[in-house]
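Inspection log for the structure reproduced underneath, given as structure tokens.
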Amino acid sequence: MTHMEPHKSFERGAAAEAAPGITRIDVDAVSSKESRALYTSRQKIYPKLAHGTFRSVKWIVMLVTLGIYYLLPWIRWDRGPTLPDQAFLLDFANQRLYFGPIEIWAQELYFITGILVISALALFLVTALAGRMWCGYACPQTVWTDLMILVERFWQGDRNARMRLDKAPWTFEKIWKKTATHVSWLLIALATGGVLVFYFRDAPTLAMELVTGEAPLVAYVFMGIFTFTTYLLGGIAREQVCIYMCPWPRIQAAMYDSESLLVSYRGYRGEPRGPHKKGQPWENRGDCIDCKACVAVCPMGIDIRDGQQLECIQCALCIDACDEIMGKVDRPYGLIGYDTFRNIEAASESDRAPVRLLRPRLLVYSGLIALVMALMAWAWIVRSVVEISVIPDRNPLYVVLSDGGIRNGYTIKVLNKTHEARTFQLGIDGVPDFHASIVGFEAPDAPLVVEPDALRAFKVYVSVPHGAVSKLGAAATPLTLTVKDLASGDAVIRETTFRSPGP
Amino acid sequence: MAGHKEYDAATGAETTGHVWDGDIKELNKPLPKWWLYVLYATIVWSIGYWILYPAWPLAEDYTRGMLGYSQRNVVAQEIADAKQTQAPFLEAIANKSVEDVRGDANLMEFVRRGGAAQFANNCAPCHGSGAQGFKGYPNLNDDDWIWGGTVEAIENTIRFGIRSDHASTHQGVMPRFGIDGLLDRAQISDVAEFVLSLSGKSEDAEKAERGSVVFAEQCAACHGADGKGMVEMGAPNLADAIWLYGGRKQDVVESVHGGRSGMMPAWEGRIDPVAIRMLAIYVHSLGGGE
């Protein structure tokens, strides 16, 4: 393995000071221009713990997102005795999605499509507005990796301690610390995979089944898969998932514009960088004391001072790290901060311009989100809880009866999505002097009961007697079937055709 | 190059020793580790697979594997499971009366679907996939039944067949009036005209009048004096709108001249009695059952 020697602007030394009382951290960006040029083996990153506003925000986001993930399947929602009482449940066996009062059947999956379209557009909007907010704060890869690093830090200490431990020989201390870390990771991974399966089956029941070994094999298989992938992606692979596996970094650069707020190093303020000696004036030099605190905290192993890079997930931890240093050397905060391309390229503070929010791409994304939401709301409002379809017989199209009359057959399917039985009555209109019958019923106007949550098919025969066949006029005569809900009086009208040999 | 390792000056990486165009050397870069490990894992997996599952072909047999897995057994098990699921339904159909079966919506749904499957397997080649029939093969959707249209009559027809080799088969032969010289050409033409007149299709009243005499002598014994047929003889109704062999004059002449004796095999012994009953109820439910 060859190690690419990165460019160094000055001599490296253990005792180097960036400013009085501030040690220059002995770190080089793992992901840099040089490392992208040719194949190099992965260099392990040891992210240092940051303190500050954004770190706190990220802790809160982690708590909320993990809280939702682990607790959501346990929330109950009463839907009556025949239906599951889990607030969020993807019931594959019965092809339903339950979410609180919402119940989506398999054939209504377009609602899910709508949610996905809105999610994608919201992602575009946020990216145009403030860069990779999703990657930096809310992506499961980021959240779980953060959690895994937290655990690693708990057992092995912060950056320096971890580096020392990795270099140290395999002593008893190293073995137990490493073992504890990996066991903790596996337990977190097991909990992650374990909770995932609860989204697909009543959580308390499945929990008991999992423990007693009575759960379906598929539950164990998926638990295993997600335990393994959580351990692998969050614990071991970490930043490599974002850099090599995820397609989003390749796309998102096309979604920025010069007004997008991105985590950036304000070069006009920071350069020329260099160590700051005690008593040295701050005029004619930059505010960056080259302490490399921003590099040490970066979970992606980049140097934000090199500008926008594919590897940067914009987690803003470098802002926290830099602000802490700026406070110590008594310079203003914000050497690294959320800023726009236009302002970063500004020659000085006075050339800066405020962010414009009324930009075409923001308006287009917002408009599209509003449009799709309105479409979804409309679809939800007009969504029918009783679905009726009429399928005319195709083979044979019509039957000639012994008296010379013509008979057509229709299958009427009534899907009752409500939780109570419904009674319907059939009405037929459109052909002359017809006689109708429903298989299994005495009369064509008999009450047709459809059980709750059920689909029932009725076979209907409509005959036109010999004397009236000549009145049909065409080989296909329009026929109207009306299915009336006897309780509400609502009628669903379905147009179909009555087939005959023709004139 | 054995024993001698060469390193590239620019990158410090080992080279393969291959040189192109005098100075271009290939770096010896390893395969990605994850890729290698996956390869090793698949090799280990395949060895386990050979031990547990059927794998290697031998001269006359193959290695069977320790799990005793066989796709034939899987299919056999699936069939057995399906039969076990169907058993309570099949038992009910065998033991209950036809009326009770038709009154039970659940059972009727089973019969309708099972009957449709049996029909597609056994009956569709002659009667058509929609039971719509062809020339010489009756349409089973209509309300015209040569051998009776009750569930019991249909069940009997399916069991014993028509002019089949079964002892209880439906018999009844339409004589070959022309070929066997029972009627001459003019008489056949006359009687055909009369048959058409029964359903109002005759265009020559005088001829039909002559034919009515022939009909009374030769045909009425089976088809009835009014031509409405006789189920006991399997003699079709000649006065309705349904024509098994065609309703044009030349079709009727052909039927009288050469006789008709279409056959249907007996299904008793070929498919089990419950399947026959399901078929009978299914055919009866197609819209024309009596």
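Per residue, the convex hull around the alpha carbon atoms of segment A:406-473 comes to 83 Å³. Comparing B:LEU39, B:LEU183, B:LEU279 in a Gaussian network model of chain B (Cα springs below 10 Å), the most mobile by mean-square fluctuation is B:LEU39. The separation of segment B:60-105 from segment B:159-179, counted between C-alpha centres, amounts to 37 Å. Here the Karplus curve 6.51 cos²θ - 1.76 cosθ + 1.60, taken at θ = phi - 60°, turns the phi angles of segment A:465-471 into couplings of x, 3, x, 9, 4, 5, 7 Hz, with x standing for Gly and Pro. Extending 7 Å from Cα along the Cβ direction at B:GLN171 and again at B:ASP61 yields two label points whose distance is 5.8 nm.
Rounded to the nearest 5, what is the percent of antiparallel bridges among the DSSP beta bridges in the protein assembly as shown? Numbers along the way, then the final one.
Details: 65 of 67 bridges.
Once the DSSP bridges in the protein assembly as shown are tallied, antiparallel ones form about 95 percent.
Each label point was placed 7 Å from the Cα along the Cα-to-Cβ direction; for B:ALA13 and B:GLN86 their separation is 6.4 nm. Any chance you could tell me what percent of the C-alpha pair distances in the protein assembly as shown go past 51 Å? The calculated P(r) of the protein assembly as shown puts 48 percent of pairs beyond 51 Å. For chain A, taking a cut-off of 4.7 Å between Cβ atoms, the unpaired cysteines are A:CYS135, A:CYS139, A:CYS242, A:CYS246, A:CYS288, A:CYS291, A:CYS298, A:CYS312, A:CYS315, A:CYS322.
The aspartates and glutamates within cross-link reach of A:LYS484, meaning a Cα-to-Cα straight distance under 14 Å and a gap of 8 or more places when in the same chain, are A:GLU387, A:ASP429, A:ASP445. The modelled label-to-label distance for the pair B:ASN106/B:SER129, using points 7 Å beyond Cα in the direction of Cβ, is 3.2 nm. For segment B:51-149, with equal point scatterers placed on the C-alpha atoms only and solvent neglected, what are the log10 I(q)/I(0) values from the Debye formula at q = 0.22, 0.23 1/Å, to two decimals? The Debye formula, applied to the Cα set alone, gives -1.17, -1.20.
With bins 10 Å wide beginning at 0, the percent of Cα pairs of chain B falling in each bin runs 5, 18, 18, 13, 10, 8, 6, 6, 6, 5, 3, 1. Report Rg/Rh for segment B:149-290, rounded to two decimals, where Rg is the Cα radius of gyration and Rh the Kirkwood radius. On the Cα set of segment B:149-290, Rg over Rh gives 1.04. Past 27 Å, Cα to Cα: identify those pairs from A:LYS167/A:LYS328; A:LYS417/B:LYS83; A:LYS177/B:LYS33; B:LYS96/B:LYS228; A:LYS167/B:LYS29, in the order given. The pairs that break the limit, which is 27 Å between Cα atoms, are A:LYS167/A:LYS328; A:LYS417/B:LYS83; B:LYS96/B:LYS228.
Helix B:185-198 and the longest principal axis of the C-alpha atoms of chain B enclose an angle of approximately 80°. Given R0 = 51 Å, the distance between the Cβ atoms of B:TRP20 and A:VAL218 translates into a calculated FRET efficiency of 0.45. Close amide H partners of A:ILE406, meaning residues 5 or more places away or on another chain with modelled amide H under 5 Å apart, are A:LEU401, A:VAL464. With coordinates expressed along the principal axes, the C-alpha atoms belonging to segment A:59-203 extend over 60, 42, 22 Å, beginning with the largest.
The H on the amide N of A:ALA18, modeled in the peptide plane, is under 5 Å from the matching H of A:THR23, A:ARG24, each at least 5 residues off or on a different chain. Using the Cβ-Cβ distance between A:ALA16 and A:LEU232 with R0 = 41 Å, the FRET efficiency computed as 1/(1 + (r/R0)^6) comes to roughly 0.65. Partners of B:LYS249 within straight-line reach, counting lysines whose Cα lies under 17 Å from its Cα and excluding those fewer than 8 residues away in the same chain: B:LYS135, B:LYS201, B:LYS207. When restricted to Cα atoms, segment A:163-301 yields an Rg and a Dmax of 23.8, 73 Å, respectively. For the pair A:VAL64 and A:ARG356, the difference between a 0.36 nm per residue extended length and the Cα-Cα distance amounts to 102.0 nm.
Rounded to the nearest 10 degrees, the angle from helix A:217-230 to the longest Cα principal axis of chain A is 30 degrees. Between the beta carbons of A:ALA168 and A:THR23, assuming R0 = 22 Å, the FRET efficiency works out to 0.50 to the nearest 0.05. For segment B:12-57, the alpha carbon positions stretch 53, 24, 10 Å along the principal axes, listed from largest to smallest.
Any read-out appearing in this document is the output of simple, stated calculations on the displayed coordinates, not a laboratory observation. These numbers were taken from a predicted model, which means no experiment stands behind them. Note: ideal-geometry Cβ built from the backbone for every residue, glycine included; neighbour counts use all protein chains shown.
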